[in-house]
2 protein chains.
Amino acid sequence: MTTPVILVLEADPPPRLGRLAGRAVVRYADRRTLAGLLPGADVLLVWDFTSDAVREAWPGDGPRPRWVHTASAGVDRLLCPELAASPTVVTNARGVFELPIAEYVAGLVLAFAKDLPRTLELQRLHRWSHRETRGLAGTRAVVVGAGPVGREIMRLLDALGVQVALVGRTARRTIHGVEDLDRLAAGADWVIGAAPLTDATRGMFDSRFFGLLQPSAHFVNVGRGALTVEEDLAEALRRRWIAGAALDVFQEEPLGSRSPLWEVPRLLVSPHMSGDTAGWRDRLGAQFVSMYELWSAGEPLPNVVDIRRGYVPSTDIPD
Amino acid sequence: MTTPVILVLEADPPPRLGRLAGRAVVRYADRRTLAGLLPGADVLLVWDFTSDAVREAWPGDGPRPRWVHTASAGVDRLLCPELAASPTVVTNARGVFELPIAEYVAGLVLAFAKDLPRTLELQRLHRWSHRETRGLAGTRAVVVGAGPVGREIMRLLDALGVQVALVGRTARRTIHGVEDLDRLAAGADWVIGAAPLTDATRGMFDSRFFGLLQPSAHFVNVGRGALTVEEDLAEALRRRWIAGAALDVFQEEPLGSRSPLWEVPRLLVSPHMSGDTAGWRDRLGAQFVSMYELWSAGEPLPNVVDIRRGYVPSTDIPD
């Protein structure tokens, strides 16, 4: 048996791949070289998950890797009809990002409840200005997206005493279907976007949606930028339809320095980092290595993405 | 029996006292009139708990109220030797501030872990600057002060996966004695000040203490300002002995606009508001009314402060 070839989409070697010395040939590709290298690869590791290169290169000629792993939770940037129709197995980095993202969301929600951005602003002005803040326990959150990230956000907000409703594509057990979203959002203090980006979710947070919310509500998006119609959110904040928002993800990343979003009142902008706690690259590398060991032993892989739906089906996720 | 006289130290009537119409005569005092009105009062309600007027007026001549209630957790501002030696019962507002303060601390700790102050700074500069942040779960906190506030902080940080050690005056069951503080603080990621202000705790957070901490540690004080030697904390932050700090309480409040504390690097300054969530004044008024009903019926009062020690003894607090 010949040694399998792992093709890595990334300029710099990811950590931990040295463990595969002698058990795999590792090659590196970029957007320019990917199409030419794909036919000779058994495995594609999409380490630079911000690139559209896979979607561009995949439809070409020749054999294709039997397994594609992406070092991300979302798979929207690499899916294309040709990949969806192929027998290739696609896996994601489930397990690495959930807790960091949930902590980040809890931090944003508490920052809003306790008026922390305003406190920092007043500190710059040397102004002692006592305010009443909000209690968090007993408030209501709607988490849109019932995958592992959404569930972990629910768990952590619940631990802080928040009443959380989880909304997924279809209702099942403790999860609401999307048909309940408008009603739940209308009574929520916090609306959290944590859904995968699919045809059904693209642009779902728009003027119609923000118009449903309470004036005291806050919106947080840690899913994918394109879930939100950014100009609609900016308008909802300027018109005070809602009290505040935080975006960690954007339609275009990185956000350019001239983007109007930096200056939208009551909007907190952060650079797509909610899941990236110290050591995250190492954890992603270690996860790929252990998945490679299963794959090369002919064992079934975890974290298999349903490439027609665009996410890991929840039936694979224990409740 | 004559109708009891409640003397309120505050210019404006507190909420809910209308419920006592016909059951009490309510009079109002300020710093100037307090000494003259004390002899005619059965009950003193210290609503303006930022005032030193009680400590100044109490030692005078004439009868004294049999019950003093303060609308605060701390009682340091009203205690004096003459009050401590008197048969007067002193009660505090236990039950109103614990959860809000614990949420506030959780918000500060998450803000530090997720580098939120820097994110807001970078947003002002329109700078997309991805950083790795800290995971909160599994980090270690030391909460100094084992009263109801400290315990609630412990409960909430524990719910977020933090390993919390609670330090009180003396070791008992799950509480460490102060003799363990240096050792625990040296290994902590988060040190939270939530102790009452007494002769034993005044100035306990000083250069010696900050020198024990890890360079990655953060310090938060929500107890009383005088627990911290402010210039020592400023120096520890400037010299990067510790990574950051937040003060919600100060030696002098309000903090003057010329205080150097506003500008100390990596110090977050907030205006003594950690416990003050919307409706807090109403809750304080309702608490006093229900305590008054017990008192006038001759029932024992809850929240009785040990006026020699300066706080509600923990033996009165269920674990």
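The values are calculated or read from the model by the stated rules, or taken from the named source; none is laboratory data. A quick note: this is a predicted structure, and the numbers were derived from the prediction, not measured. Every residue, glycine as well, gets a Cβ built from its backbone with ideal geometry; the counts of neighbours run over all protein chains shown. Side chains included, ligands, DNA and RNA excluded: accessible areas come from the protein's heavy atoms. Shrake-Rupley method; radii C 1.70, N 1.55, O 1.52, S 1.80 Å.
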Point to revise | Residues being in contact (Cβ under 8 Å) with a residue 12 or more places away in the chain, open to solvent by 60 Å² or more (accessible area, probe 1.4 Å) and either within 26 Å of A:ARG118 (Cβ to Cβ) or part of a loop (DSSP other than H, G, I, E, B) (or both) - total across region A:248-299 | key: 6
Check your understanding: If you take the residues in region B:1-13 that are under 29 Å from the mean Cα position of the chain (by Cα) and modelled with pLDDT of 95 or more, which one is farthest from B:LEU284 (Cα to Cα)?
Key -> B:VAL5
Practice item. Please state which one of A:PRO14, A:PRO63 is touching a residue at least 60 places away in the same chain (Cβ under 8 Å), in a loop (DSSP other than H, G, I, E, B) and of a type outside the set (Gly, Ala, Ser). Key: A:PRO14
Exercise for review: Among the candidates A:THR198, A:THR170, A:THR228, single out the residue that is modelled with pLDDT under 95 and either within 14 Å of chain B (Cβ to nearest Cβ) or within 15 Å of the chain's Cα centre (by Cα) (or both).
Suggested key: A:THR198
Practice item. Check B:ASP115, B:ASP158 and return the single one that is closer than 25 Å to A:GLU121 by Cβ, within 26 Å of the chain's Cα centre (by Cα), open to solvent by 40 Å² or more (accessible area, probe 1.4 Å) and within 12 Å of another protein chain (Cβ to nearest Cβ). Key: B:ASP115
Review point. Across region B:251-276, which residue is farthest from B:GLY150 (Cα to Cα) among those that are at the interface with chain A (Cβ under 9 Å from one of its Cβ atoms) and within 14 Å of the chain's Cα centre (by Cα)?
Key: B:GLU253
Check your understanding: Just a yes or no: is a residue in region B:165-181 outside the structural domain of B:ALA73 (by TED's automatic domain parsing), in contact with an Asp or Glu (Cβ under 6 Å, 6 or more places away or on another chain) and crowded, with 20+ Cβ neighbours inside 10 Å?
Key -> no
Point to revise | Condition check for A:GLY187: open to solvent by 10 Å² or more (accessible area, probe 1.4 Å) and of a type outside the set (Asp, Glu) | key: yes
Exercise for review: May I ask you to say which residue of B:ALA185, B:ALA113, B:ALA93 is closer than 23 Å to B:HIS272 by Cβ and of a type outside the set (Ser, Thr, Tyr)?
Suggested key: B:ALA93
**Study point:** strands (runs of 3 or more DSSP E) wholly inside region A:102-212 containing at least 1 residues that are in contact (Cβ under 8 Å) with a residue 40 or more places away in the chain
**Key:** A:140-144, A:190-193
Point to revise | Residue among B:PHE250, B:PHE210, B:PHE288 that alone is in contact with a helix residue (DSSP H, G or I) (Cβ under 7 Å, 6 or more places away or on another chain) and closer than 16 Å to B:SER72 by Cβ | key: B:PHE250
